[in-house]
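What follows is a single structure, written as structure tokens, with notes after it.
The values are calculated or read from the model by the stated rules, or taken from the named source; none is laboratory data. None of the values given here were measured: they were computed from a predicted structure. Neighbour counts are summed over all protein chains in view; Cβ atoms, including those assigned to glycine, are modelled from backbone coordinates with ideal geometry. What goes into the accessible areas is simple: the full protein's heavy atoms, side chains included, and nothing from ligands, DNA or RNA. Shrake-Rupley method; radii C 1.70, N 1.55, O 1.52, S 1.80 Å.
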Amino acid sequence: MSDETIQSSNYEIPPEMQGTVSITSLDKVYAWSRKNSMWPMMFGLACCAIEMIVLAASRFDIARFGMEVMRPSPRQSDFLIVSGTVTKKMVPQIVRLYNQMPEPKYVVSMGACASGGGPFKEGYSVVSGIDKYIPVDVYIPGCPPTPQALLNGLIALTKKVDKERIKTSEWYAKGSEAAVPVPVLGPDLMDPRKYALIYEQTHRPIEPEIPAETEQKEG
Amino acid sequence: MSEEQVTVAQIPDISLQFEGRVVKDTRAGYSGFIVGAEHLLDVVQTLRDELGFDYLSSVTGVDYLPEGKMEVVYHLYRSIGGPALVFKVQVPRDEAVVPSLYHIFKSADWQEREAWDLMGIRFVGHPDLRRILTWEGFAGHPLRKDWKEPYFEEETKPYKSRWPEGITGYIEDNNPYHDNLQYPAGFDPETWIPQAEEALYASAQKIGRDKELHTDTVVVNLGPQHPSTHGVFRMVAALDGEQVVFLKPVVGYLHRNHEKIGERNTYLQNMPFTDRLDYVSSMSNNFGYALAVEKLMGIKPPERADYIRVMMAELTRWMNHVFSFGFLWNDLGSYFTPMIYALEERELILDIFEAVSGSRMMCNYFRFGGVARDLPEGVLNKVKELVFERMPRQLDAIDKMLSTNEIVRNRCIGCGVLTAEQAINNGASGPNLRASGVPYDIRRADPYSIYDRLDFDVVVHYHGDVYDRYLTRLDEARQSNRILQQVVRDIPEGPIMTGKPAYQVRVPAGEAYGRVEAPKGELGFYIVSTGKPNPWRYHVRAPSFINLTSLEDMCRGGKIADVVLNLGAIDIVLGEVDR
Ligand code: SF4
């Protein structure tokens, strides 16, 4: 803990009390205490999860950032690390877990797969990035990201948390966000928000296929 | 395989014995036999009972679209060692029906389900032919050659859009949903009734109905998000009190279409994908794949490359086993502290991997005919330090901490027993098989690379319980250490690559099955080449996947708390289970 970051500069503290007393705003102390105790949800998906475990071990040690308490239950967590390939079969569970997390909640997308599909993107049962379903706060590149990169991403998250103010934070606004609808497994993955689009596309009159040349996109 | 390498016995010419029912496979580049579908059960029964081929290692399908044929390929071994007896069954594509081997070899269970799921081959007589890697309701059988994924661009890589023109753009833009999605024409999402998992739960609830004293069974669902499942793995168990009376694993939550992507890729492009199979031991995966393709190409790596390969494979094995001890403790309830011990050792080995390959986990280090780079300066000395000092010392420390620990002994001894017959019949491999008293190690039973020159023992234990599985891994890690000591002592100087490194290798038409003793068990790659730059069929026989067949046998009759332990002791990695 460093006093300088939390101490508001406008107040004089008598010399004999310096080092024991800080005067600050509620916002600051709130953000400060929150960012120093972010609990991840223990949730491993694929290869990236191994590097996430490594992060908790001695060489990298996220305990230094108050993040070592990994809970397998969404109820006791501040953020979710989506650590690996998101498949269509798994995405309903992830969305459900996300919905079960108490607010404020954050999502860290770890690795190429979680961020955009990664090496397996072209596969038929891989989701092209978890952000198609749940909002993501921090993206970490890499396949897998090294523990250092992950650490860097997590620090970025704490910075984000540090900047939040009680008054302006979306978490405390009236009429908080509704739960994300859980996708359904049909002939392919179905997002309930897109049923109309699916219906429209599957009931299109079949046009004669025009061999569409891929054209160079501008910009 | 060259003639002088035959270890146990020659493969009998079964086309003579089963005249009229079995013929030789005479296609160029192919080996083995073709069995008529209607004779399959008889022939296999005889092979098992009279000729001693008691270990069905791999079952997979190949879609020969141009010929309109679907082929099921079986690899059968003797559990006393020796090369494979390969035989195939050919059926028409649009009516792919083959008798199931489930009742002769339980190891066919999941593999047949996989072939049904991905290729649409119906196995008659299989009691539980549900989809396994995709989900019930999935449209189509994705590994059929005429099935196209939503992001389909072209049959094979390199895609024209990427090379040589190199057009940049989002693949999403070619899809009407701007996502990796497609639905059959005329499909209406509003009327869709998810065919969830009635079949699965129904079979769990049936159990215990017809007992005299009626007691209720409780169905418990563990996973896919569960701290004990080592990833996204799920089990459905029916409990009578605390006793498990029924257990079915549910997999596929990490199905990443390894094989479909593999068949679009060029040969070399697949190498980094193999890293991501068993992501704890990527070097071993590289090894298996390189061997299979080298078999097809008919090349051999130079001496030094062989030594480097074995060095990397054994370091991987050591690391994997130590990692598994960390998990064992975890599963016993000693949460995470022991894991930190294991990870500390692992880091040291990862440093070596990073030095040689540039990446900690996903090494992508092997090439066809050698390895990608020579050992950088100083690495050999580091390895020497490890294998002569640190590694043996740490193993002793683990041994002292765990082997006589009261909790470990009380929980593990007698837990999850798998008999030798069950293990062989279920196709268990690796430490799971050897802990059940079957001394079967591919490095000895069907030697590859330079293992026939190295001095090591095949570890075997006889009780088949969790404790013996642990002891097997511990002793095996010691043997790996012994191998490593010989390797670093004898490693010669010289080239590390046969021929010039090439992006596009020329692979003659034919089939090959390369297998290695990976830390988890028998890892096999079955590859069919048509002479093109891409494999026609690329199948992975994943040890974790097939070892899971035994999970129910291990857990039935035990307590629910031991399920976690049993699962941990099989040592699975989901990347490999679901591929
Ligand atoms: S980004 Fe790479 S390492 Fe991470 S889950 Fe995907 S394939 Fe595995």
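With a Förster radius of 51 Å, plug the Cβ-Cβ distance of A:ARG75 and A:ILE13 into 1/(1 + (r/R0)^6) and report the FRET value to the nearest 0.05.
Step by step, r from the Cβ atoms, then E = 0.80.
When averaged across all projection directions, what area in nm² does the alpha-carbon convex hull of the protein assembly as shown cover?
40.4
Running a GNM on chain A with Cα contacts under 10 Å, which residue among A:PRO205, A:PRO135, A:PRO92 ends up with the highest mean-square fluctuation?
Evaluated over chain A, the most mobile residue of the options is A:PRO205.
Which value at 222 nm does chain B reach when only helices count, each DSSP H run of 4 or more adding -39,500 (n - 2.57), with the total divided by all residues and rounded to the nearest 500 deg cm²/dmol?
-10500 deg cm²/dmol
Using θ = phi - 60° and the Karplus curve 6.51 cos²θ - 1.76 cosθ + 1.60, what whole-Hz ³J(HN,Hα) does each residue of segment B:38-50 get, with Gly and Pro shown as x?
6, 9, 4, 4, 4, 4, 5, 4, 5, 4, 6, 7, 10
Per residue of A:110-122, count partner chain C-beta atoms within 10 Å of its C-beta, then hand back the mean as an integer.
Mean number of neighbouring Cβ atoms from other chains: 4.
Enumerate the calculated ³J(HN,Hα) couplings along segment B:250-260 in order (Karplus 6.51 cos²θ - 1.76 cosθ + 1.60, θ = phi - 60°), each rounded to whole Hz, writing x wherever the residue is Gly or Pro.
Per-residue couplings from phi come out as 10, 10, x, 6, 10, 6, 10, 6, 3, 6, 5 Hz.
At a Förster radius of 45 Å, what calculated FRET efficiency corresponds to the Cβ-Cβ distance of B:GLN243 and B:ALA397, to the nearest 0.05?
Efficiency, rounded to the nearest 0.05: 0.80.
Tell me, in nm to one decimal, what length is gained between A:TYR195 and A:GLU103 on full extension, where the rule is 0.36 nm per residue of separation less the Cα-Cα distance?
Full-extension gain reported as 30.3 nm.
Of A:PRO119, A:PRO102, A:PRO14, which has the largest mean-square fluctuation in a 10 Å C-alpha GNM of chain A?
Most flexible of the set in this elastic network: A:PRO14.
Work out the mean other chain Cβ neighbour count within 10 Å for the residues of A:87-100 and drop it here as an integer.
4
Could you please tell me the mean projected area of the C-alpha convex hull for chain A, averaged over all directions and given in square nanometres to one decimal?
The directionally averaged projection comes out at 17.6 nm².
So how far apart, in nm, are the two label points at B:HIS226 and B:LEU65 if each is 7 Å from Cα heading toward Cβ?
Calculated label separation equals 3.9 nm.
For the full complex of protein chains and a 1.4 angstrom probe, list A:TRP39, B:TRP536, A:TRP171, B:TRP163 by accessible area with the highest value first.
B:TRP163, A:TRP39, B:TRP536, A:TRP171
State the Kirkwood hydrodynamic radius of segment B:258-578 in Å, one decimal place, computed from all pairs of distinct Cα atoms.
Every distinct Cα pair counted, the radius reaches 19.9 Å.
Using Cα pairs under 8 angstrom and six or more residues apart, how large is the relative contact order of chain B, in percent?
17
Given a Förster distance of 25 angstrom, what is the FRET efficiency for B:GLU389 paired with B:THR337, based on the Cβ-Cβ distance and rounded to 0.05?
That gives a FRET efficiency of 0.55.
Taking just the alpha-carbon atoms of segment A:37-164, what radius of gyration and Dmax come out, in angstrom?
13.4, 40
Excluding ligands, DNA and RNA, what is the accessible area buried between chains B and A, summed over both sides, using a 1.4 Å probe, to the nearest 100 Å²?
That pair of chains buries around 5800 Å² in total.
Which value, in Å² rounded to 10, gives the accessible area of B:GLU50 with a 1.4 Å probe and all protein chains present?
Number for this one is 140 Å².
Of all DSSP beta bridges located in segment A:56-203, what percent are antiparallel, nearest 5?
Counting DSSP beta bridges with both partners in segment A:56-203, the antiparallel share is about 25 percent.
Could you order B:GLU377, B:GLU259, B:GLU19, B:GLU198 by accessible surface area, starting with the largest, using a probe radius of 1.4 Å?
Heavy-atom accessible area, descending, gives B:GLU377, B:GLU19, B:GLU198, B:GLU259.
Can you give me the Cα centroid spacing of segment A:136-191 and segment B:311-365 in angstrom?
First find each Cα centre; the distance between them is then 30 Å.
Run down the lysines and flag those whose C-alpha is under 23 Å from the C-alpha of B:LYS24, throwing out any fewer than 8 positions away in its chain.
Qualifying lysines at Cα under 23 Å: B:LYS69, B:LYS88, B:LYS295.
For a quick check of understanding: with a 1.4 angstrom probe and all protein chains in place, what accessible area in square angstrom does B:VAL23 have, to the nearest ten?
80
Mean-square fluctuation check for chain A, GNM, Cα pairs under 10 Å: which of A:GLY84, A:GLY19, A:GLY117 is largest?
A:GLY19
Short version: ³J(HN,Hα) in whole Hz for each residue of segment B:235-240, in order, from phi by Karplus 6.51 cos²θ - 1.76 cosθ + 1.60 (θ = phi - 60°), x for Gly and Pro, what are they?
Using θ = phi - 60°, the values come out as 10, 10, 10, 9, 10, 10 Hz.
Using a ≥ b ≥ c from the Cα gyration tensor of segment A:98-212 (square roots of the eigenvalues), is it rounded, prolate or oblate, where a/c under 1.5 gives rounded and otherwise the larger of a/b and b/c decides, a/b for prolate?
Judged from the Cα gyration tensor, segment A:98-212 comes out oblate (a/c at least 1.5, b/c at or above a/b).
Once each part is reduced to its C-alpha centroid, what is the distance from segment B:369-404 to segment A:91-117 in angstrom?
With segment B:369-404 and segment A:91-117 each reduced to a Cα centre, they are spaced 38 Å.
For chain B, what is the convex hull (Cα atoms) projected area averaged across all directions, in square nanometres?
Averaged projected hull area, Cα only: 28.2 nm².
Using a 1.4 angstrom probe on heavy atoms only, work out the carbon and sulfur share of the accessible area of segment B:258-578 in %.
52
Taking the Cα centre of each part, how many Å lie between segment B:477-496 and segment A:23-52?
Their Cα centres are 45 Å away from one another.
Report D for segment A:42-94 in µm² per second (integer): Stokes-Einstein, Kirkwood Rh on Cα pairs, 25 °C, 0.890 mPa s.
Stokes-Einstein gives a translational diffusion coefficient of 205 µm²/s.
Provide a whole-number value for the mean count of partner chain Cβ atoms within 10 Å of the Cβ atoms in peptide B:133-141.
If you average over the peptide's residues, the count of other-chain Cβ atoms is 4.
Got a number for the accessible area of B:HIS178? Probe 1.4 Å, square angstrom, nearest 10.
100
For the full complex of protein chains and a 1.4 angstrom probe, list B:TYR462, A:TYR98 by accessible area with the highest value first.
B:TYR462, A:TYR98
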